[in-house]
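First the structure, in the form of structure tokens, and then the observations on it.
The values are calculated or read from the model by the stated rules, or taken from the named source; none is laboratory data. In this text, all values refer to a predicted model and were calculated from it rather than measured experimentally. Neighbour counts are summed over all protein chains in view; Cβ atoms, including those assigned to glycine, are modelled from backbone coordinates with ideal geometry. Surface accessibility is based on the protein's heavy atoms, side chains included, excluding ligands, DNA and RNA. Shrake-Rupley method; radii C 1.70, N 1.55, O 1.52, S 1.80 Å.
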Amino acid sequence: DLVATNALIRPGPLDSGMTDVFIRRKLGRERVHYPLPELEPVLASTYGVITYQEQVMRIAQVLAGFTLAEADVLRKAVGKKDQALIEKELGKFTARAVERGFDRRTIEELAEQIATFGRYGFNRSHSVAYALISYQTAWLKRYYPAEFMAALLSSVVDRTEDVVNYIGECRDLGRYVPEHERGIQVLPPSVNESVWKFTPVADDTIRFGLGAVRGLGEGAVHAILEARREGGPFRSLFDLVERTDPRVLGKRALEALVQSGACDAFTDAGGTGVGHRAQLMAGLELVMREAQLRHEEKESGQVSLFDALESAGAGPAPRPEPQLPDVPRWSESERLAREKEILGFFISGHPLEKYRDEVRVFEEVNTGNLKRYRDQKVALACVITGVSRQISKRTGAEWARITVEDFYGTATVLAFGEAWEAARERLVQDAAVLVRGSVSGRDRDEDAPPIFLDEVIPLATLRASGALGIELILPPGGRVEPEAVTRATEALRANPGAAPLFVRQDTPGGSRLRSRSLAVEPSEALLRRLRELFGADRVRLVRT
């Protein structure tokens with residue numbers, strides 16, 4: 001129950017295929033059996049699956065005649081993943097069990113299970129505590145998802161990779177919370193709405209915490225919150241700067257706020273001309289100088305000409321705020337790059353967003369679940385965020401360590417030899433690519449296994465290459481309006497290309513048929529038209 005429930009709490013793969021066996025047996029979908037009759041009393045409570053460290057000790061005692069002290073040495077070796085000690089103790093276990101008349105092959109299989117068990121096993125008392133917490137947190141996540149995920153994000157506010165992982169989990173929450181089929185949206189930070197931590201602002205929305213913005217100290221955040229409590233929301237960048245202490249909220253902190261999107265809420269008020277982040281950054285020094293001047297005037301008791309005229313009744317116009325310069329907007333890539341520099345990840349958008357359909361085709365593999373595919377070939381849709389070229393000390397050959405990112409987090413790709421030579425021109429910063437390769441199975445890479453590169457394909461080329469096709473999913477019964485079929489046929493014939501067309505019935509075990517007469521160009525316009533006719537969830541890209 002623990003491992004099944006914990007999968008809901010913390011995104012990511014479980015560490016052993018035995019988890020699935022446990023669940024199937026618990027639900028009565030698989031017959032419970034034991035490797036040896038002598039083990040039934042030991043494993044009956046866990047459906048024949050080794051689950052607790054105490055069971056490992058008891059197995060060693062029953063089959064190999066270990067004393068409890070000897071069995072505890074084996075338990076410690078497995079629990080601490082001490083490979084040398086595991087091999088030594090399991091060798092002793094196998095030899096002594098075979099001497100006692102047990103089948104060698106059966107004992108060796110048991111020894112392998114015990115070694116694998118070490119990746120996820122607990123002692124029984126810890127399992128009870130974890131299970132209780134798992135059920136409590138599962139209930140909170142199911143019925144208070146925004147509050148739960150906000151608390152979870154706040155707990156890892158200083159660990160960027162975990163924040164990215166949990167934001168990806170927020171997007172995918174609809175998989176098991178029907179009321180939030182579109183997931184939980186995590187909004188960028190805001191000087192008018194954020195507090196120190198991540199905060200739920202609606203049933204399906206979380207606001208980013210100012211405490212997670214790099215370059216903002218605790219004092220700066222408290223100064224913003226205090227000024228907001230006293231005077232209400234900030235109207236403009238100048239209003240923010242004027243109402244806070246410049247000794248606490250300096251230029252670096254203000255730049256961090258602008259680049260992270262925390263000042264996006266400002267609208268064109270008071271003639272400031274606020275429109276986008278590039279304007280705010282370009283006018284920052286001007287705004288700070290004017291705010292500093294007014295601050296000094298107040299401290300010295302001086303009265304400006306505008307203030308004097310107003311106090312004398314000569315005119316109603318207050319002293320105007322400084323105008324921000326008229327400069328071009330940042331490109332999306334520059335905006336996102338600056339945002340990531342401050343936050344550590346993308347929040348208001350993502351370089352993969354325009355490839356959302358392509359990413360969905362390969363979504364079973366992502367940076368959050370690579371451990372599940374150790375020693376396996378994978379295809380990962382991602383964007384390259386860093387390339388570090390290296391020279392092998394042994395051979396003198398060049399190789400590269402590439403950092404990639406998707407909607408769930410980051411991972412490392414290692415490119416050697418011919419794979420690096422063939423792909424180096426495509427392995428560049430900000431490139432959106434499909435990486436194919438093998439996930440490391442080395443013990444030292446257990447927590448964060450890299451991918452050993454085989455090939456890399458730009459995501460922008462997948463549709464035209466014929467590697468992807470379009471699948472139409474017909475509703476149960478296959479009833480579709482004739483008018484929709486006619487218009488869809490017209491749209492398909494007007495977009496010839498290399499991609500095949502598939503039609504599938506939305507029923508259990510429904511077969512997928514490939515059109516013999518139609519091959520299309522799966523453009524955004526064609527997909528949009530087909531989704532208008534059949535529904536957004538009934539048209540998708542698929543591998544061919």
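Worth a mention:
- Packing around the peptides 203-215, 94-106, 423-435, taken as the average count of other Cβ atoms within 10 Å per residue, puts them in this order, highest first: 203-215, 423-435, 94-106.
- If you bin all the Cα-Cα distances of segment 307-439 at 10 Å, starting from zero, the percentages per bin are 10, 31, 25, 11, 7, 6, 6, 3, 0.
- Net length gained if the chain between Glu455 and Leu513 were fully extended (0.36 nm per residue, minus Cα distance): 17.9 nm
- Qualifying trypsin sites (Lys or Arg not before Pro) in segment 474-543, where qualification requires a DSSP coil assignment and no more than 12 other C-beta atoms within 10 Å, comprise Arg479.
- Folded to 0 to 90 degrees: helix 124-143 orientation relative to the chain principal axis, Cα: 40 degrees
- Centroid-to-centroid, using Cα positions, segment 162-197 and segment 352-416 are 24 Å apart.
- For Asp20, the solvent-accessible surface computed with a 1.4 Å probe is close to 80 Å², ligands and nucleic acids excluded.
- Alpha-carbon centroid distance for the pair segment 198-248 / segment 91-116, whole angstrom: 62 Å
- Principal-axis tilt of helix 332-343 within the chain, Cα atoms, nearest 10 degrees: 70 degrees
- Sequentially through segment 280-294, phi angles give Karplus couplings (6.51, -1.76, 1.60; θ = phi - 60°) of 4, 5, 5, x, 4, 5, 4, 5, 5, 5, 5, 5, 5, 4, 5 Hz, Gly and Pro residues having no value and appearing as x.
- Built amide H within the under 5 Å cut-off of Phe198, gap 5+: Ser154, Gly209
- To put it simply, the accessible area of the chain at a 1.4 Å probe is 50 percent carbon and sulfur.
- Ellipticity estimate at 222 nm from DSSP helix runs (n ≥ 4, -39,500 (n - 2.57)) divided over the chain, nearest 500: -12500 deg cm²/dmol
- Helix axis angle, 160-171 relative to the chain longest principal axis, alpha carbon, degrees: 90 degrees
- Rolling a 1.4 Å probe over the protein heavy atoms gives the chain an accessible area of 52 Å² per residue.
- Computed accessible area, Ser45, all protein chains, 1.4 angstrom probe, square angstrom: 70 Å²
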